[in-house]
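Down below is the structure, laid out as C-alpha cells.
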Amino acid sequence: MKVLVALKHVVDPYVRIRIKSDESNVDLAGLKHSINPFCEIAVEEAVKMKEKGDVSEIVTVSIGGQSIQESLRKSLAMGADRSVHIQTDEPIEPLSVAKILAKIIDEEKPDAVMLGKQSIDGDNNQTPQMLAALLGWPQATFASKIFKEGDSVLVEREVDAGEETLKVSLPCIISTDLRLNEPRNVTLPNLMKAKQKPIDVKSIDDLGVDITARTKLLKVTEPAKRASGIRVSSVDELVEKLKNEAKVVAS
Ligand code: AMP
C-alpha cells in the first residue's frame, strides 16, 4: 500500500507566542517552527506500517514557504521515502489545502492518505474532511489505532461512549489523534541520510489551483486573564465559600 502523508510546518508548540500590537494576527517573527505534532504522529504511523510490511512507499507533502522543507526533511529522516513541497508564501486556508492535496493525490495515486487531525496553529480540523469530500473517498477521523486488513483498513477511534472500530475500504483518508503513537527521535545518521532523499518542488501555478481566500482574519486577542485565587484559613471557610460563592454545576 502506498501512503501519502500531508504535513504542516507550524510554530513550535513549546514556544510562547505573542500577539501583534495591532491585534491583526499572532507575531511569528523569529519563532522556532517544527512539524505539526499530529502530522508527526501520522508520519510515525506510516513508517511503523512500512516496518511491518503493510506499506510499500511513503510520500510526504507540505504546502508553504521554503522553511517547510525542515519538516519535510524530518519526515524523511523518520523513514519517509520522498517528499513533495508545494511552494507558496501566501497564507492558505483549509479548502485550498484540500484542493491542492487532491491534485497531488491525482498524480501520486496513493492507497491511503494520512493527515493530522488538526493543525495546532489554526486549530481548524477541516482539511481531512474536505479532502475526503472532494475525492469522494471514505474517511476515518481521529484514529487512535490503525491496522491494515486486506483491501481495507481498520481504524479505532475514541468516542464519548468508548472505542469505535471502523472498517474503511481503500483508497481512504485517515486523520490521526494524539494517542496513536509516540513519534521516534530522529538520529543524526538518519538526518544525514535524509539529505540524499528527494524533495520535489512544485508551484501552485503548476497545479492550477485557485487559492483565493474565502475567510478573512479580523482580529486576534489575548485570552481573558484569570482572576487571581484567594487563600482560605480553614476547611470550614473553604466549604462556606464553595457553598455560597463558587459557581458549582451539579451533574
Ligand atoms: P487543519 O484542517 O488546518 O486543522 O489541518 C489538518 C491537517 O491537514 C494537518 O494536520 C495536515 O495533515 C494537513 N494540512 C493542513 N495544512 C497543510 C499544509 N499547509 N500543508 C500540508 N498539509 C496540511
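For segment 117-145, taking the residues that are crowded, with 22+ Cβ neighbours inside 10 Å and farther than 10 Å from I174 by Cα, the one that is farthest from the chain's Cα centre (by Cα) is identified as L131.
A count restricted to segment 59-68 and to residues that are assigned to a helix (DSSP H, G or I) and either away from the ligand (no atom under 12 Å from the Cβ) or small (G, A, S) (or both) stands at 2. Restricting the search to strands (runs of 3 or more DSSP E) fully inside segment 115-183 and requiring at least 2 residues that are within 14 Å of the ligand (Cβ to nearest atom) gives 139-149, 172-176.
One line per residue, one yes/no per condition, for (1) in contact with a helix residue (DSSP H, G or I) (Cβ under 6 Å, 6 or more places away or on another chain); (2) within 13 Å of the ligand (Cβ to nearest atom); (3) basic (K, R):
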{"site": "V47", "(1), (2), (3)": "yes, no, no"}
{"site": "E57", "(1), (2), (3)": "no, no, no"}
{"site": "G79", "(1), (2), (3)": "yes, no, no"}
{"site": "T88", "(1), (2), (3)": "yes, yes, no"}
{"site": "K99", "(1), (2), (3)": "no, yes, yes"}
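If the condition is being under 22 Å from T221 (Cβ atoms) and part of a strand (DSSP E or B), then segment 20-37 contributes V26, D27.
All of the numbers you see were taken from the coordinates with simple rules; none came from a lab. Just so you know, these numbers come straight off a predicted model, no measurement behind them. So basically every Cβ, Gly included, is an ideal-geometry build from the backbone, and we count neighbours across all protein chains shown.
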